[in-house]
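This report refers to the structure that appears directly beneath it.
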Amino acid sequence: MKSIRLMLAGVSLLLFCSCGTQVQKESETTCANDSKENAVIENIMSRRSIRKYKPQAVNRDTMQIILNCGINAPNGQNKQSWAIRVVDNPEFINGITEIYKQKNPKAAENPNFKNLFYAPTVVFIANDKSYDLSQIDCGLLGENMILSAWSMGIGSCCLGGPSRFMTSTPEAAEYMKKLDIPEGYDLLYCIAFGYPDEAPAAKPRNAEKVRFID
């Protein structure tokens, strides 16, 4: 009888330990998942548009990771209706900046003005005009790049003005030609990338623009 009681006690202890281990594993899994979710949310909420950068261009291996994240963005029917060009050549950036300064001499008076794009690395994004939702695809592409860059300590800023300037200024035609945008595509916007040299505060968002409809 004593041996039976000892056996039952051993089984109970084993079950208790097994259950405890399972609960611990489930708890660890839940915590890990929460941590991952919070890391993504934290990255989104902490991101800022950066307009002051350190002079060095973003390492190309790092940029390749950012670009891979971009092209894995959701897109309609997997058309991938974008064309992407990356420029980290100072001659290109400074050259188009000089044209901009000639057309906009007051820009050079700003002591913070370094170049047309603020940054040492620029990604140009063009959209396929034959697909009516291509601009949405290009926007999703850019957001993936911006968030992945921020997670690695790389700042960014979405820019529409430089693209408009380059496509509307005859003197910039040489630089447009260098981008080699495919026929049937329009240069839509560009994104500046670089190592941040500022830490701007968050600008307020209007939560009243968001509503649930019952």
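The values are calculated or read from the model by the stated rules, or taken from the named source; none is laboratory data. Worth saying up front: this structure is predicted, and the values here are computed from it rather than measured. Methodologically, a virtual Cβ is constructed for each residue, glycine included, from the backbone with ideal geometry; neighbour enumeration extends over all protein chains shown.
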Checklist line | Matching residues, region 77-103, being farther than 12 Å from residue 121 by Cβ, within 19 Å of the chain's Cα centre (by Cα) and either surrounded by fewer than 19 Cβ atoms within 10 Å (Cβ to Cβ) or free of Cβ contacts under 8 Å to residues at least 40 places away in the same chain (or both) | finding: 80, 84
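Just give me the residues in region 114-141 being part of a helix (DSSP H, G or I), closer than 17 Å to residue 69 by Cα and touching a residue at least 24 places away in the same chain (Cβ under 8 Å), in sequence order.
Within region 114-141, 136, 137, 138, 140, 141 qualify.
Sort through 156, 148 and tell me the only one that's touching a residue at least 12 places away in the same chain (Cβ under 8 Å), under 22 Å from residue 49 (Cβ atoms) and touching a strand residue (DSSP E or B) at 6+ places or on another chain (Cβ under 6 Å).
156
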Next item on the list: Could you check, for region 96-118, whether at least one of its residues is more than 19 Å from residue 181 (Cα to Cα), modelled with pLDDT of 95 or more and among the small types (Gly, Ala, Ser)?
Entry: no
Check: From the set of residues in region 47-72 that are among the hydrophobic types (A, V, I, L, M, F, W, C) and either closer than 22 Å to residue 115 by Cα or at pLDDT below 95 (or both), which is surrounded by the fewest Cβ atoms within 10 Å (Cβ to Cβ)?
Finding: 63
Next item on the list: Mind listing just one residue for me: the one in region 131-165 that is more than 14 Å from the chain's Cα centre (by Cα) and closer than 20 Å to residue 176 by Cβ and, of those, surrounded by the fewest Cβ atoms within 10 Å (Cβ to Cβ)?
Entry: 160
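Please work out which residue is nearest to the chain's Cα centre (by Cα), limiting yourself to region 166-180 and to residues that are acidic (Asp, Glu) and part of a helix (DSSP H, G or I).
So, considering only residues that are acidic (Asp, Glu) and part of a helix (DSSP H, G or I), the one nearest to the chain's Cα centre (by Cα) is 174.
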Next item on the list: Scan region 186-211 for residues that are surrounded by 10 or more Cβ atoms within 10 Å (Cβ to Cβ), not in a strand (DSSP E or B) and not charged (D, E, K, R) and report the count.
Entry: 2
Item checked: Residue under evaluation residue 111, criteria (1) over 17 Å from residue 189 (Cβ atoms); (2) in contact (Cβ under 8 Å) with a residue 40 or more places away in the chain; (3) out of contact with any Gly (no Cβ under 7 Å at 6 or more places or on another chain), criterion not met -> (2)
